[in-house]
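These notes are about the structure you will find just below.
The values are calculated or read from the model by the stated rules, or taken from the named source; none is laboratory data. Remember, predicted model here, so these are calculated numbers, not experimental data. So basically every Cβ, Gly included, is an ideal-geometry build from the backbone, and we count neighbours across all protein chains shown.
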Amino acid sequence: MESVFSNVVRAPEDPILGVTVAYNNDPSPAKLNLGVGAYRTEEGKPLVLDVVRRAEQQLVNDPSRVKEYIPIAGLADFNKLSAKLILGADSPAIQESRVATIQCLSGTGSLRVGAEFLKKHYHQSVIFIPKPTWGNHPKVFNLAGLSVEYYRYYDPSTRGLDFQGLLEDLGAAPSGAIVLLHACAHNPTGVDPTSEQWEQIRQLIRSKSLLPFFDSAYQGFASGSLDTDAHSVRTFVADGGECLIAQSYAKNMGLYGERVGALSIVCKSSDVASKVESQVKLVVRPMYSSPPIHGASIVATILKSSDMYNDWTIELKGMAGRIISMRQHLFEALQAKGTPGDWSHIIKQIGMFTFTGLNKEQVAFMTKEFHIYMTSDGRISMAGLSSKTVPHLVEAIHAAVTRVA
Amino acid sequence: VIMAMRIRNSASRGTMMSRQISGLRSMSSWWKNVEPAPKDPILGVTEAFLADPSPDKVNVGVGAYRDDNGKPVVLECVREAERRIAGTSFMEYLPMGGSVKMVDETLKLAYGDNSEFIKDKRIAAVQSLSGTGACRLFADFQKRFRPDSQIYIPVPTWSNHHNIWRDAQVTQKTYHYYHPETKGLDFSGLMDDVKNAPEGSFFLLHACAHNPTGVDPTEEQWREISQLFKAKNHFAFFDMAYQGFASGDPARDAKSIRIFLEDGHHIGISQSYAKNMGLYGQRVGCLSVLCEDEKQAVTVKSQLQQLARPMYSNPPLHGAQIVSTILGDPALKGLWLKEVKVMADRIIGMRTALRESLEKLGSPLSWEHVTKQIGMFCYSGMTPEQVDRLTSEYHIYMTRNGRISMAGVTTGNVGYLANAIHEVTKSS
């Protein structure tokens with residue numbers, strides 16, 4: 001019998017995840033994976049946080065734990081603690097019960113569920129996303145039925161923020177349009193607005209009744225401080241307005257594969273928040289019925305124990321600190337080598353990624369000649385670097401910049 | 001100035017910041033028009049049960065297994081698998097298609113250990129978020145690549161099936177399935193609908209232990225259905241949520257699928273480990289699509305991944321690790337098969353007990369269907385009004401379609417349950 005799917009053509013490799021596939025296939029001992037954003041230690045190994053291991057042991061040793069379905073909206077204590085984490089324990093929005101929080105499958109899942117909710121219930125179906133942004137963002141929103149527009153963000157000439165362009169583009173957006181904002185550590189550029197710039201952005205957004213949708217994937221991971229990295233979100237919530245927030249624990253708790261995250265919708269009143277939550281559940285039920293229990297249990301265990309929470313903040317500072325020192329190291333090494341160009345953006349940008357400014361051809365050259373794996377937009381994951389491998393990267397960058405246009 | 005003062009003076013519990021912001025109009029919520037959503041008909045039952053303070057309350061609502069003490073069960077093989085996993089997993093991202101090891105073991109269960117289709121790599125398969133996630137991925141895939149197709153869904157079916165295909169924007173049609181008079185299969189109605197559907201239609205079939213009725217076609221009937229599907233070139237999508245859990249024998253419970261495979265159909269399957277491994281909250285399952293050849297399987301898998309990526313990027317790790325640890329270790333797999341049989345046998349035992357109790361009470365109705373039906377659920381035939389009486393007078397919780405989750409029945413409560421059912425039905 002002929003297949004009913006014989007018209008299906010092969011999909012292209014995912015541009016980000018495909019990098020790791022190519023890296024795995026390379027036999028060279030000098031190969032370096034600066035592709036996907038997963039933290040690595042100085043030894044180049046993945047890291048499971050000590051607090052996570054402790055939480056894991058606690059869970060597995062508890063004979064009263066069962067594997068029943070958790071509610072559609074996820075674990076209640078996980079949701080409360082996640083809202084507190086991003087909004088601050090003293091947030092009036094929380095105290096006034098104006099926040100609907102739903103456990104979702106990491107950042108991706110939170111974005112998708114939020115977008116589907118917006119498609120069903122919000123009067124505008126256009127979302128403005130920064131240019132550039134994480135490659136999966138447009139797909140998530142498109143599949144939810146939203147139409148995607150771009151606002152200027154990255155300025156290649158300064159390797160910094162195109163603030164004027166951003167203000168112009170958001171200023172020209174139709175009233176009520178949804179705006180995707182990276183809460184901190186913009187992916188892929190590492191370029192964040194200053195707090196003064198954030199304030200201007202907030203005023204513009206509120207004056208045009210645009211709806212902010214925050215993607216918070218790096219809280220604590222960017223600066224090392226959970227509160228600092230939540231600042232942008234908190235100022236928006238503090239003005240009493242509404243917003244959506246997608247939180248991920250993939251990086252800051254190293255729970256990547258367990259898919260733990262939360263979608264929070266900050267509303268004007270508790271009555272509205274409760275109705276909103278009920279409608280978000282209708283989005284979730286036909287998608288996967290209810291979220292997975294394991295990762296959220298680990299997070300809740302850590303967040304509700306003040307000892308474990310404190311230990312977590314220390315480990316988080318450790319990870320962020322190592323990345324910041326790698327930035328410094330790479331910058332100094334390029335200076336020392338005399339590589340042409342201004343490389344200060346490496347220490348000005350923040351978070352896991354550096355947008356090097358290298359072009360597609362230079363990247364391809366570095367992969368072919370030096371076995372360096374990175375996304376073709378020139379983004380490198382600083383988490384994949386160590387003091388041992390910095391020299392190799394510097395060689396590669398130097399060669400690319402001097403030999404390839 | 002006066003306006004600014006008025007704003008400052010009408011300070012709410014909010015922060016100073018909002019008073020200082022110029023140009024901030026007082027805004028009403030974007031979500032004023034959002035209506036409160038109705039409670040999920042199935043999951044809402046457990047919520048109501050939990051809220052009931054009565055010591056006599058019985059939960060025969062949601063389909064989660066309970067032991068004879070009414071307690072949830074974590075299988076021994078699962079506990080052991082978790083002990084092995086804790087402290088060793090690096091929690092890295094799985095590929096978009098999930099754990100290859102878990103998927104391979106899972107395909108063996110559905111297609112057979114020595115399946116030629118597995119050997120020939122003709123199956124496009126991805127790890128999914130349990131059965132719901134598998135059905136949803138398939139529905140999205142169907143919408144994307146066969147946008148003009150419809151899905152034929154049995155009447156009745158698990159209520160969430162309708163939500164899934166609706167959210168995937170695939171047009172739904174129904175086919176006859178349950179016969180209220182016999183409380184069995186409406187076979188001729190089913191066959192007529194299959195015959196009258198346009199050629200090349202997509203059908204949702206419950207592989208075994210139909211939810212909510214517990215009514216399955218016999219092997220002979222499955223063969224006839226398969227033959228008619230062939231004649232009509234229909235696509236069969238099997239939702240298999242109870243393999244092993246229905247009869248106690250996984251191979252037997254997959255019989256319908258094996259018949260279709262023998263007859264040459266290129267089917268799709270949703271598999272779930274929620275019930276048969278008790279991994280409910282872990283959300284572990286698998287979606288597979290049998291293709292013409294290896295090349296097409298690679299192609300279809302790549303497109304399934306394209307649908308998963310903007311939904312959740314990659315599936316959760318822990319549940320998949322539990323499954324592959326168990327199925328990859330012959331001793332643990334043997335233990336699992338024993339434990340599944342225990343669960344299935346207990347349910348079969350409760351069916352017998354409930355039927356006998358009702359007959360002993362002198363019920364004027366026939367309760368034969370209680371033991372004829374199979375799997376977790378019994379479609380009792382009670383009306384919504386009778387169900388409401390069970391709840392309000394006897395604190396017995398079940399869905400209003402009269403579906404009883406046999407997993408919630410115990411030697412301790414079967415007498416109470418039978419008595420209550422008898423009381424509300426004896427005058428009908």
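Conditions tested, residue by residue: (1) without any contact (Cβ under 8 Å) to a residue 24 or more places away in the chain; (2) surrounded by 23 or more Cβ atoms within 10 Å (Cβ to Cβ); (3) over 20 Å from B:MET191 (Cα atoms).
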| site | (1), (2), (3) |
| --- | --- |
| B:GLU224 | no, no, no |
| B:GLN227 | no, no, no |
| B:LYS230 | no, no, no |
| B:ALA241 | no, yes, yes |
| B:SER256 | no, yes, no |
| B:PHE260 | no, yes, no |
| B:GLY264 | no, no, no |
Cross-chain or 6+ apart pairs with Cβ under 7 Å, region A:368-379 first and basic (Lys, Arg), then not in a loop (DSSP other than H, G, I, E, B): A:ARG379/A:PHE353; A:ARG379/A:PHE355
Hits in region B:194-210 - residues which are within 27 Å of B:SER247 (Cβ to Cβ) and touching a strand residue (DSSP E or B) at 6+ places or on another chain (Cβ under 6 Å): B:PHE203, B:LEU204, B:LEU205, B:HIS206, B:ALA207
All strands (runs of 3 or more DSSP E) inside region B:220-316 with 2 or more residues being at the interface with another protein chain (Cβ under 9 Å from one of its Cβ atoms): B:285-290
Any hit, region B:308-316, residues being in contact with a helix residue (DSSP H, G or I) (Cβ under 8 Å, 6 or more places away or on another chain), of a type in the set (Phe, Trp, Tyr) and farther than 30 Å from B:PHE141 by Cα: no
From the options A:VAL51, A:VAL19, residue that is in contact (Cβ under 8 Å) with a residue 12 or more places away in the chain and over 19 Å from A:THR367 (Cα atoms): A:VAL51
Filter result for the condition that a residue is away from chain A (no Cβ under 14 Å) and modelled with pLDDT under 95, over B:GLY328, B:GLY381, B:GLY362: B:GLY381
Residue in region A:4-11 that is in contact with a helix residue (DSSP H, G or I) (Cβ under 9 Å, 6 or more places away or on another chain), aliphatic (A, V, I, L, M) and closer than 17 Å to A:SER386 by Cα present: no
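Select from region A:266-278 the residues that are more than 7 Å from chain B (Cβ to nearest Cβ) and in contact (Cβ under 8 Å) with a residue 12 or more places away in the chain and list them in ascending order.
First pass over region A:266-278, keeping only residues more than 7 Å from chain B (Cβ to nearest Cβ): A:266, A:270-271, A:273-274, A:277.
Once the filter is applied, which keeps residues that are more than 7 Å from chain B (Cβ to nearest Cβ) and in contact (Cβ under 8 Å) with a residue 12 or more places away in the chain, region A:266-278 yields A:VAL266, A:SER270, A:ALA273, A:SER274, A:GLU277.
Got a sec? Which of A:LYS317, A:LYS281 is in contact with a Gly (Cβ under 7 Å, 6 or more places away or on another chain), in contact (Cβ under 8 Å) with a residue 60 or more places away in the chain and assigned to a helix (DSSP H, G or I)? Steps first, please.
Numbers: A:LYS281 fails: in contact with a Gly (Cβ under 7 Å, 6 or more places away or on another chain).
Only one candidate passes the filter, namely A:LYS317.
Per-residue answers, yes or no, for (1) more than 8 Å from chain A (Cβ to nearest Cβ); (2) in a loop (DSSP other than H, G, I, E, B):
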site: B:PRO53; (1), (2): yes, yes
site: B:ASP56; (1), (2): yes, yes
site: B:VAL62; (1), (2): no, yes
site: B:VAL74; (1), (2): no, yes
site: B:ARG79; (1), (2): yes, no
site: B:MET91; (1), (2): no, yes
site: B:LEU94; (1), (2): no, yes
site: B:GLY97; (1), (2): yes, yes
site: B:LYS101; (1), (2): yes, no
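Go through region B:269-319 and give me each residue that's of a type in the set (A, V, I, L, M) and in contact with a strand residue (DSSP E or B) (Cβ under 7 Å, 6 or more places away or on another chain). Give the derivation first.
Residues of region B:269-319 that are of a type in the set (A, V, I, L, M), as a first pass: B:269, B:274, B:277, B:279, B:284, B:287, B:289-290, B:297-298, B:300, B:304, B:307-308, B:311, B:317.
Those that are of a type in the set (A, V, I, L, M) and in contact with a strand residue (DSSP E or B) (Cβ under 7 Å, 6 or more places away or on another chain): B:ILE269, B:LEU287, B:VAL289, B:LEU290, B:ALA297, B:VAL300, B:LEU304, B:ALA308.
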Residue in region A:245-255 that is β-branched (Val, Ile, Thr), at pLDDT 95 or above and more than 12 Å from A:ILE86 (Cα to Cα) present: no
Residue satisfying all of: in region B:105-140; surrounded by fewer than 16 Cβ atoms within 10 Å (Cβ to Cβ) and part of a helix (DSSP H, G or I); nearest to the other protein chains (Cβ to nearest Cβ) among these: B:GLU116
Residue match in region A:28-39 (condition: modelled with pLDDT under 90, under 22 Å from A:GLY257 (Cβ atoms), surrounded by fewer than 19 Cβ atoms within 10 Å (Cβ to Cβ) and more than 8 Å from chain B (Cβ to nearest Cβ)): no
Positions within region B:149-182 being outside any loop (DSSP other than H, G, I, E, B), touching a residue at least 40 places away in the same chain (Cβ under 8 Å) and either farther than 14 Å from B:HIS206 by Cα or among the aromatic types (Phe, Trp, Tyr) (or both), in sequence order: B:GLN150, B:TYR152, B:TYR178
Positions within region A:119-143 being more than 20 Å from the chain's Cα centre (by Cα) and either in a loop (DSSP other than H, G, I, E, B) or more than 8 Å from chain B (Cβ to nearest Cβ) (or both), in sequence order: A:LYS119, A:LYS120, A:TYR122, A:HIS123, A:GLN124, A:SER125, A:VAL126
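Residues being part of a loop (DSSP other than H, G, I, E, B) and surrounded by fewer than 19 Cβ atoms within 10 Å (Cβ to Cβ): count how many of those fall in region A:358-370. Show your work before the answer.
Step one: filter region A:358-370 for residues part of a loop (DSSP other than H, G, I, E, B), giving A:358-359.
Now narrow it down to the ones that are surrounded by fewer than 19 Cβ atoms within 10 Å (Cβ to Cβ): A:359.
Qualifying residue count for the region: 1.
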Yes/no for A:ASN24 being more than 21 Å from B:GLY319 (Cβ to Cβ) and touching a strand residue (DSSP E or B) at 6+ places or on another chain (Cβ under 8 Å): no
